[in-house]
Amino acid sequence: MRVVDLIAKKRDGLNLSEQEIEFFVEGITTRAIPDYQVAALCMAIFFQGMDRKEISNLTLKMAHSGEIVDLSGIQGKKIDKHSTGGVGDKTTLVVTPLVASCGVKVAKMSGRGLGHTGGTIDKLESIPGFNVNLKKEEFIQQVNKIGLSVIAQTNELAPADKYLYSLRDVTATVDSIPLIASSIMSKKIASGADNFVLDVKTGNGAFMATVEEAFELARTLVGIGKTVGKETIAYITDMNQPLGRLVGNSLEVQEAILTLNGEGPEDLVELSVQLGSSMLVIAGCSANESEARKLLESKLRSKKALQKFAEMIEIQGGDRRVVDNLDLLPQAKYKYDVKIAREGYVTEIDTKEIGLSAMKLGAGRGSKDEKIDLAVGLEMRKKIGDFVRADERIAVIYSNSQDVISGVAEKIRGAYKLSSVKPAYHDLIYGKVTSKDLE
Ligand code: URA
């Protein structure tokens with residue numbers, strides 16, 4: 001087999017066979033195929049797409065390019081939750097203890113943040129002492145003991161995807177639905193859970209700018225799940241403004257704790273309960289979503305979900321007292337109110353700009369080895385639909401450096417669009433896709 005023939009075939013709009021995809025993925029994993037040929041094939045896929053069979057083959061071959069985590073030592077169904085990434089998206093921190101407090105097993109491997117979006121592992125590391133690098137046996141033991149563990153993805157997980165992603169990143173081939181879907185699902189499959197609930201973000205802070213594209217990605221993800229025998233549900237949810245009010249690692253842990261304590265922002269609570277209800281149903285723990293919602297709401301009210309979070313923190317070496325005393329989390333030295341001279345209703349927020357502003361403060365990394373500052377970030381005092389009076393504050397900057405504050409404040413002011421007309425209701429959840437929708 002020759003790579004050049006595969007590139008030509010895809011360039012001309014033909015389908016690649018399972019053997020050809022296997023040859024390609026093996027060549028990526030062993031580095032036998034030079035980068036320029038891998039990149040050329042990615043570009044051909046970008047323009048010509050792939051059919052369901054090709055996408056499933058690519059996903060499975062990438063999943064099997066490294067270790068497949070064996071979770072069979074955990075009794076019961078293991079459910080995973082994944083978000084395609086956004087700004088202020090701390091849902092995992094809320095939904096995993098919430099679902100685990102209902103008796104569903106959550107063995108979750110998460111990633112770090114890159115670019116304008118955050119990552120669960122960085123957020124968890126802002127809890128003093130929290131260990132995200134458990135050994136496989138410890139991870140399994142913990143899930144059997146308390147029903148919950150969240151750890152960092154290892155380098156052995158889908159290594160072909162890791163290398164492919166780094167090439168896509170520099171060859172303008174990230175935004176391809178077959179490549180995104182196979183990348184996400186290869187890691188999910190390799191991390192060993194039985195079923196998945198996915199949150200596909202759409203809007204000006206997400207990969208998928210339009211709702212239509214997000215639905216297409218959701219259908220592709222659910223289709224892969226169906227082909228490989230792992231029931232998958234995908235929600236399409238809004239990322240035209242940050243989720244909740246806090247952006248930045250320890251700030252997001254704070255907001256997650258407040259939410260588990262019954263004091264969370266409405267959007268974060270609603271999304272967590274909705275995703276959680278599908279996790280309970282897919283796990284067979286609740287008969288339907290309305291029953292599941294009631295159970296989840298009762299776990300929030302009784303603080304059982306908060307206790308589960310504290311239990312996970314303690315068993316993973318962290319300081320569980322943070323759930324009662326938020327001051328134990330890293331705190332930024334400077335707080336600065338961002339005010340705006342104009343007045344009116346907030347109609348739009350450039351969410352990517354907000355994510356980049358948090359990154360500028362040090363909350364996120366531009367390249368994967370950059371160090372981040374866990375204490376810094378932003379508080380969104382005004383969101384879409386809110387009225388802003390002239391000279392009222394729209395946001396608060398939490399920074400450890402005075403030098404960056406004025407530049408970041410200017411960017412935040414520029415990210416807000418105001419109007420004298422109140423905008424119509426802003427959707428949080430646009431819909432969901434299940435395997436039945438693909439029949
Ligand atoms: N997230 C991933 O894991 N892979 C992509 O290609 C895009 C988002």
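The values are calculated or read from the model by the stated rules, or taken from the named source; none is laboratory data. Everything numeric in this text was worked out from a predicted model, so none of it was measured. All Cβ positions, glycine included, derive from the backbone under ideal geometry; neighbour counts span all protein chains shown. Each accessible area value is taken on the protein alone, full model and side chains, heavy atoms only, with ligands, DNA and RNA left out. Shrake-Rupley method; radii C 1.70, N 1.55, O 1.52, S 1.80 Å.
Just for region 136-187: of the residues that are among the basic types (K, R) and within 9 Å of the ligand (Cβ to nearest atom), which one is least open to solvent (accessible area, probe 1.4 Å)? In this case the residue turns out to be R168. Look at (1) more than 30 Å from G364 (Cβ to Cβ); (2) open to solvent by 40 Å² or more (accessible area, probe 1.4 Å) and you find that T210 fails only one, number (1). Residues that are open to solvent by less than 10 Å² (accessible area, probe 1.4 Å), within 16 Å of the ligand (Cβ to nearest atom) and in contact with a Phe, Trp or Tyr (Cβ under 8 Å, 6 or more places away or on another chain) within region 71-104 comprise D80, K81, listed in sequence order.
For every residue, the table says whether it meets (1) basic (K, R); (2) more than 27 Å from K360 (Cβ to Cβ); (3) outside any helix (DSSP H, G or I).
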residue: E216; (1), (2), (3): no, yes, no
residue: T220; (1), (2), (3): no, yes, no
residue: Y235; (1), (2), (3): no, yes, yes
residue: P242; (1), (2), (3): no, no, yes
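Considered as a group, the residues in region 318-330 that are more than 24 Å from the chain's Cα centre (by Cα) and in contact (Cβ under 8 Å) with a residue 12 or more places away in the chain include one that is most open to solvent (accessible area, probe 1.4 Å), and that residue is L328.
Within region 120-131, can one find any residue that is within 14 Å of the ligand (Cβ to nearest atom) and either in the same structural domain as T91 (by TED's automatic domain parsing) or in contact (Cβ under 8 Å) with a residue 24 or more places away in the chain (or both)? If you could, list the steps in order and put the result at the bottom.
Going residue by residue through region 120-131, those that are within 14 Å of the ligand (Cβ to nearest atom) are 120-121.
This time we only want the ones that are either in the same structural domain as T91 (by TED's automatic domain parsing) or in contact (Cβ under 8 Å) with a residue 24 or more places away in the chain (or both), so: 120-121.
Yes; the residues of region 120-131 include at least one that is within 14 Å of the ligand (Cβ to nearest atom) and either in the same structural domain as T91 (by TED's automatic domain parsing) or in contact (Cβ under 8 Å) with a residue 24 or more places away in the chain (or both).
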